[in-house]
Amino acid sequence: MNNTTELLAALSQGGRALAETARFTDGVQQLLARIGEATGASRVWIFQLIDLQDDAIVQDYVFEWSAGPRFRQLTQRRFRFFTTLFDDPQFLTLVDQRRRGQSQSTITAALPPGSLRDNLESQSIRSMATVPILVNGQWWGTLGIDDCERAVDWKGPGLDALGLAAELIASGIYRQQLSSRSSQLELFHKVTDCGVWELDLVSGDPWCSQGLRRRLGYPETYPHVPLRRLLEGILEADRAALFRQLRQALHDRSSHCRQDARVRTAGGEYAWSEIVADITYDEQARPLSIAGLLIDISQRKRQEEQALIASHHDALTGLLNRRGLDRRFAELAPRDPTDDRAPHLLLLDIDHFKPVNDRHGHPAGDQLLRLLTRRLRQQLRQEDALARIGGEEFAILTTAMTTAQARDLAERIRRAIAGHPFTLSVPDTKTPLTLSITLSIGLVVLPAVTDPHGCQADAVARADRALYAAKHHGRNRVVVADACPTEGSAAPPPQVLDESHPGQHQRAGRQPDRQIEQ
């Protein structure tokens with residue numbers, strides 16, 4: 001090939017067109033045209049590899065430039081997804097060379113008889129040059145030049161120049177794939193509100209999609225986000241849990257890992273994300289890379305939190321319900337049995353609450369319960385737990401205090417309710433309703449046990465007996481269960497410490513509880 005200089009100039013012009021033209025296909029067509037015009041060839045074409053089978057190869061005729069209509073073949077149906085059998089050793093050798101990235105220069109008349117020579121002669125091809133197009137190291141297709149008028153030997157600089165053309169086309173294909181991948185990832189990010197990431201375990205280099213960089217507060221054009229910065233964006237406790245998950249997955253040679261974590265976003269606040277990881281191993285089971293998604297689950301977490309709150313709180317008063325109180329018991333820390341300060345449980349029951357509903361209606365009773373809730377909260381510390389565990393029954397779980405302090409608290413609560421009537425707005429009446437109510441209270445100190453369930457069951461049973469005693473001895477009083485028993489011992493009977501309002505009507509037993517509202 002003597003016009004190597006013209007071919008190199010054509011490659012320069014075609015390469016510029018391939019890089020600057022908006023559409024990849026237009027750039028390829030311009031490059032093929034420059035090559036064809038510079039070489040004086042009949043055709044310049046590209047076959048794309050579709051399938052490489054044991055006994056045949058399937059290809060598609062995807063690009064062509066021709067010197068005239070008589071050389072045009074792209075529109076012929078026989079070149080659409082055509083199959084060529086490996087029935088000729090010459091053709092099989094040619095395919096093997098292309099798979100290894102080698103170029104060929106072929107003069108038809110010099111070929112031995114066989115299907116390859118017959119095929120070229122049927123197309124009036126006197127000489128041919130072919131160069132494999134490798135994308136990511138894999139044989140993607142073939143760039144070829146057909147000359148139907150000359151027997152041209154392309155070996156040497158001419159074939160090398162064609163190799164450069166194949167590399168230009170491969171680069172264009174790779175850029176198109178990246179652009180397509182980026183567009184798909186951005187669409188995926190918008191639809192699913194997630195980012196895509198990958199970590200090369202050999203080099204330690206991370207990669208992030210544009211959407212993920214935006215979410216983490218980096219410019220879309222940021223070339224490289226260091227792994228250390230990415231990891232620092234995960235809340236420390238969640239980062240430790242993620243590492244444990246990954247170490248376990250690597251130990252088990254598992255391919256998948258998932259972990260919910262709080263990740264710092266562009267605004268500086270932490271938002272819940274689900275980190276999904278897929279681990280790739282080599283043939284020796286050595287980890288090569290970890291790729292995955294960072295999915296925004298903030299809304300899901302908010303819904304879960306709202307559902308948890310709803311399941312642990314009373315709908316009418318907003319207080320903890322019985323399930324919420326159970327959770328607070330489970331959160332109690334072990335304590336030193338020699339410490340005289342301990343959590344205490346108070347059970348409170350409204351005296352004669354049923355007549356309020358019977359005489360004034362349930363809306364009035366509900367309003368009274370809400371007003372009572374507000375007054376009870378005013379008597380408690382922020383760390384004390386207040387729960388409604390029955391229709392008119394409440395519970396208070398205090399943090400560490402002495403029994404004397406707990407008794408004083410119970411007395412303050414009793415006096416705050418008994419000494420100040422409640423004013424209710426009754427529907428269909430202009431005159432507010434004023435009601436005076438009293439509370440009976442059972443108080444118990446929590447035993448220093450190791451089992452929270454056993455502690456709770458014992459405390460509730462003893463406080464309930466103390467409340468029963470308060471009801472039995474005239475109501476509107478506090479009854480303290482006697483000194484806290486040791487684990488496994490029987491509790492002594494409750495002790496009535498306050499005989500408030502001795503003239504009050506005596507009635508044995510507690511009023512039956514209303515339906516527990518969970």
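Points worth noting:
- A single entry from 262, 258 fulfils the requirement of being in contact with an Asp or Glu (Cβ under 8 Å, 6 or more places away or on another chain), under 30 Å from residue 384 (Cα atoms), at pLDDT 85 or above and outside any helix (DSSP H, G or I): 262.
- Strands (runs of 3 or more DSSP E) within the stretch 103-205 that include 1 or more residues hydroxyl-bearing (Ser, Thr, Tyr) and either at pLDDT below 95 or in contact with a helix residue (DSSP H, G or I) (Cβ under 8 Å, 6 or more places away or on another chain) (or both): 104-107, 127-135, 138-147
- Among the conditions (1) under 31 Å from the mean Cα position of the chain (by Cα); (2) within 29 Å of residue 420 (Cα to Cα); (3) of a type in the set (Ser, Thr, Tyr), the only one that residue 298 does not satisfy is (2).
- Any hit, the stretch 389-404, residues being free of Cβ contacts under 8 Å to residues at least 12 places away in the same chain and outside any helix (DSSP H, G or I): no
- If the condition is being of a type in the set (D, E, K, R), free of Cβ contacts under 8 Å to residues at least 24 places away in the same chain and within 30 Å of residue 368 (Cβ to Cβ), then the stretch 287-340 contributes only 327.
- The set of residues in the stretch 136-175 that are of a type in the set (Asp, Glu) and either under 15 Å from residue 7 (Cβ atoms) or outside the structural domain of residue 119 (by TED's automatic domain parsing) (or both) comprises 147, 153, 160, 167.
- Among the residues of the stretch 355-388, the one identified as small (Gly, Ala, Ser) and without any contact (Cβ under 8 Å) to a residue 24 or more places away in the chain is 365.
- Residue list for the stretch 272-310, restricted to those being touching a strand residue (DSSP E or B) at 6+ places or on another chain (Cβ under 7 Å) and over 15 Å from residue 256 (Cα atoms): 272, 273, 282, 295, 296, 297, 298, 301
- Near pairs, Cβ below 9 angstrom, 6+ apart or cross-chain, from the stretch 216-227 (within 20 Å of residue 295 (Cβ to Cβ)) to any residue that is hydroxyl-bearing (Ser, Thr, Tyr) and at pLDDT 70 or above: 216/265; 217/265; 225/218
- Of everything listed in (1) crowded, with 19+ Cβ neighbours inside 10 Å; (2) more than 20 Å from residue 442 (Cβ to Cβ), the single unmet condition for residue 393 is (2).
- Note on the stretch 9-87: enclosed strands (runs of 3 or more DSSP E) holding 1 or more residues that are free of Cβ contacts under 8 Å to residues at least 40 places away in the same chain and surrounded by 17 or more Cβ atoms within 10 Å (Cβ to Cβ) are 56-66.
- Residue check, residue 440 touching a strand residue (DSSP E or B) at 6+ places or on another chain (Cβ under 8 Å), of a type in the set (Ser, Thr, Tyr) and modelled with pLDDT of 95 or more: yes
- Condition met for residue 288 (buried (at least 17 other Cβ atoms within 10 Å of the Cβ), of a type outside the set (Gly, Ala, Ser) and not in a loop (DSSP other than H, G, I, E, B)): no
The values are calculated or read from the model by the stated rules, or taken from the named source; none is laboratory data. Keep in mind the model is a prediction, meaning the values are calculated, not measured. When we count neighbours, we look across all protein chains shown, and the Cβ atoms used for this are built from the backbone with ideal geometry, even at glycine.
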